[in-house]
1. Sorting check: for B:169-182, A:47-60, which peptide has the highest mean count of neighbouring beta carbons within 10 Å, and how do the rest follow?
2. What FRET efficiency, computed as 1/(1 + (r/R0)^6) with R0 = 56 Å and r the Cβ-Cβ distance, is obtained for residue A:49 and residue B:57, rounded to the nearest 0.05?
3. Counting each DSSP H run of 4 or more residues in chain B as -39500 (n - 2.57), what helix-only mean residue ellipticity at 222 nm follows after dividing by all residues, to the nearest 500 deg cm²/dmol?
4. When a/c is below 1.5 the answer is rounded, else prolate if a/b is larger than b/c, else oblate, so apply that to the range B:241-480 with a ≥ b ≥ c taken from the square roots of the Cα gyration tensor eigenvalues.
5. Hey, got the dipole for the range B:241-480? About the Cα centre, +1 on K and R Cβ, -1 on D and E Cβ, debye to the nearest 20?
6. What average count of beta carbons from other chains do you get within 10 Å of the Cβ of residues in A:65-77?
7. Could you tell me which residue out of B:343, B:237, B:408 lies farthest along the dipole of chain B toward its positive end? Charges go on the beta carbon: Lys and Arg +1, Asp and Glu -1, centred on the Cα centre.
8. Under a Cβ-only charge scheme (Lys and Arg +1, Asp and Glu -1), can you give me the dipole magnitude of the protein assembly as shown about the Cα centre, in debye to the nearest 20?
Amino acid sequence: MKDERKYLFDDPKNIKRLLNIFYLCCVVLVILDFVIHRHTMHEWDSLWAFYPIYGFVGCVVLVLVATWMRKLLMRSEDYYDSRSIESVSPDSLNKKALSKNAINEKGACHVDD
Amino acid sequence: MWMIDLPPFVPFFIGALMLLFTRGMLRSAIMLAVPILSALHLWMMPEGVHLQFAFFDYQLIPYRVDKLSLMFGYVFHIAALIGIIYSLHLRDTLQQVAAMLYAGSALGAVFAGDLLTLFIFWELLAFTSVFLILARRTQRAYDAAMRYLIIQVLSGVILLAGALFYAAENNSLAFGYIGLDSIAGWLIFIAFGIKCAFPFAHNWLTDAYPEATVTGTVFLSAFTTKIAVYALARAYPGAEILVYIGAAMTCFPIFFAVIENDLRRVLAYSLINQVGFMVVGIGIGTALAINGAVAHAFNDVIFKGLLFMSMGAVLHMTGRINGSDLGGLYKTMPKTTILCIVGAASISAFPLFSGFVSKSMVMTAALEEGFDWVWLMLLFASAGVFHHAGIKIPYFAFFAHDSGIRATDPPNNMLLAMAIAAALCIAIGIYPQALYSLLPYDTGYNPYDATHVLAQTQLLFFSALAFVWLNLKGMYPPELRSTVLDFDWFYRRAIPSALQNAFSVIWRVDRAIRDAVKLRLTTYLGYFAGKNDRLSILLSRDYPTGSMAMWVAVVLAVYLLLSFIA
């Protein structure tokens with residue numbers, strides 16, 4: 001079923017418009033720093049544009065660190081789904097188990113006799 | 001009159017019983033009537049102890065009302081009502097009864113005035129809520145439910161042990177300030193900590209909540225962790241360790257939330273992040289901080305419920321919840337989109353939304369008490385929560401690339417529930433005095449001063465700017481079908497496989513030892529038999545069998561002979 005209707009953000013112009021309004025808001029917020037006298041509670045937040053810079057840098061760092069974490073922690077979607085442990089981690093753990101099995105066929109499994 | 005003093009869990013339990021014997025419109029009416037009547041009843045309750053009796057040497061207090069418990073009592077009624085409206089379309093007795101019992105257990109725990117009553121409801125919370133996960137009726141949900149149940153029951157058992165220690169030390173079971181200067185204090189602290197999703201004990205939450213049913217998650221997100229927050233606020237206000245635990249809880253989940261694909265799991269991580277703010281508030285322990293923690297718990301139940309409801313609506317209508325499968329839903333689900341954005345704005349603490357008026361109390365208290373670094377962490381977490389819950393959730397579900405899904409808005413009862421929650425978020429944000437008047441302390445705090453509003457708005461807008469910039473640069477991590485490993489990897493993978501390896505080694509060694517011993521025994525036997533063969537003829541193995549038969553016959557004949565003689 002193909003939907004032929006045009007929606008609000010199907011037009012790139014609207015996205016552009018929205019983003020421009022957003023950029024304008026950001027600029028205004030920084031300028032307001034000079035207009036409104038802030039009674040600060042701490043030496044850090046009396047720095048010029050402390051909150052904008054902290055928010056921006058914080059989020060960029062957050063995303064970069066998270067992206068890096070992906071390399072370390074990401075696995076396939078069905079990583080936990082498989083019921084048996086052996087078949088899921090074929091790389092390191094299983095090879096060892098297999099090689100041991102090959103050497104000593106007896107007693108490599110749970111069953112005693 | 002005894003009816004007046006009925007604890008709030010009783011109507012819920014009776015209601016659950018009645019649900020079993022009714023159906024259709026009548027059942028819906030009962031489900032709606034229970035929280036409304038119970039809330040009206042609670043509203044008229046004065047503070048004080050309303051029910052107590054002696055149990056052996058101890059005084060049990062199943063119903064104690066004070067400002068702290070009332071606050072949680074009110075919000076649990078609101079959450080129960082919203083959750084029930086949200087699930088009115090269901091035709092599933094299991095879920096409806098379980099949800100009713102679960103809400104009742106939460107209310108029982110909140111108004112418990114002694115540790116034994118608390119323990120009973122603590123365990124009931126686990127046993128009733130697990131059915132909301134099981135009701136999904138998939139293998140994944142079943143596995144997650146079992147892990148959830150084990151951890152929850154473990155928390156209860158530790159609580160019971162702590163309560164017994166406490167009773168032995170203080171000769172009382174009263175549930176009040178406990179503190180961390182005894183074994184009992186630490187045991188109870190750990191029990192609360194597990195339910196509160198402290199770091200390393202948090203995976204039951206991110207594991208089980210996204211596996212629960214669409215409506216079940218809405219109930220789950222409201223009660224269990226908030227009970228733990230309430231219990232911590234009563235027993236450990238001002239325990240400094242909580243400040244650092246809470247600060248860690250606000251920060252680490254946001255990294256996972258950014259890369260997680262299942263949007264309800266993203267919300268589960270952000271739930272831990274929000275609970276972190278409350279834990280910090282309790283740890284600081286000043287009047288303002290406790291107020292902030294309690295107010296934030298109140299607001300969180302509503303806005304987190306709203307977010308879970310909106311994602312539940314998406315799951316219900318499209319059958320999908322992964323960010324990688326969704327997108328462009330604003331076109332055909334405009335109402336859900338707007339309601340979700342209200343929830344997102346509230347959790348991100350935009351001025352004029354509910355999160356702003358409560359989170360700022362905790363942040364201000366952190367600065368006032370000199371926790372500078374913690375304050376910086378909280379500020380980072382505020383930016384981060386906007387990033388993943390405020391932007392990522394609505395963006396990947398409703399905007400982003402067009403997934404081609406053209407699902408309509410959910411049934412009216414779902415929309416109504418979300419609308420009530422959204423209205424509360426905005427109402428509390430605009431008129432916080434109503435909320436503040438219910439808080440345990442009177443601090444005269446006003447969130448709406450120019451400095452604070454400007455600072456928060458700047459922080460949020462520039463976090464959004466970071467998102468826009470990273471997205472335009474193509475540096476934002478795309479939603480990928482994946483599993484992200486967390487601490488639960490240790491008990492779901494590492495420990496089981498380590499145990500399996502260990503046992504395989506143990507069995508092998510065991511077999512080798514047995515074989516060696518058997519061999520030795522056979523050798524000895526052979527040795528003695530050989531010796532015997534050489535020494536004796538009668539008992540030797542070489543002697544024919546027939547000779548033994550003959551000797552037996554001889555012996556019997558001698559017996560016979562003797563019997564004749566005697």
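1. Per-residue mean Cβ counts within 10 Å order the peptides as A:47-60, B:169-182.
2. 0.30
3. -23500 deg cm²/dmol, from helical runs alone.
4. Prolate shape, in that a/c is at least 1.5 and a/b is the bigger ratio.
5. Charge dipole, the range B:241-480, about its Cα centre: 620 debye, nearest 20.
6. Whole-number average of other-chain Cβ neighbours for A:65-77 is 6.
7. B:408
8. 2020
Bear in mind these aren't lab numbers, they're just calculated from the coordinates by the rules spelled out. Note that the structure is a prediction, hence the values are computed from the model and not measured. Heads up, the Cβs are rebuilt from the backbone with ideal geometry, glycines too, and the neighbour counts pull from every protein chain shown.
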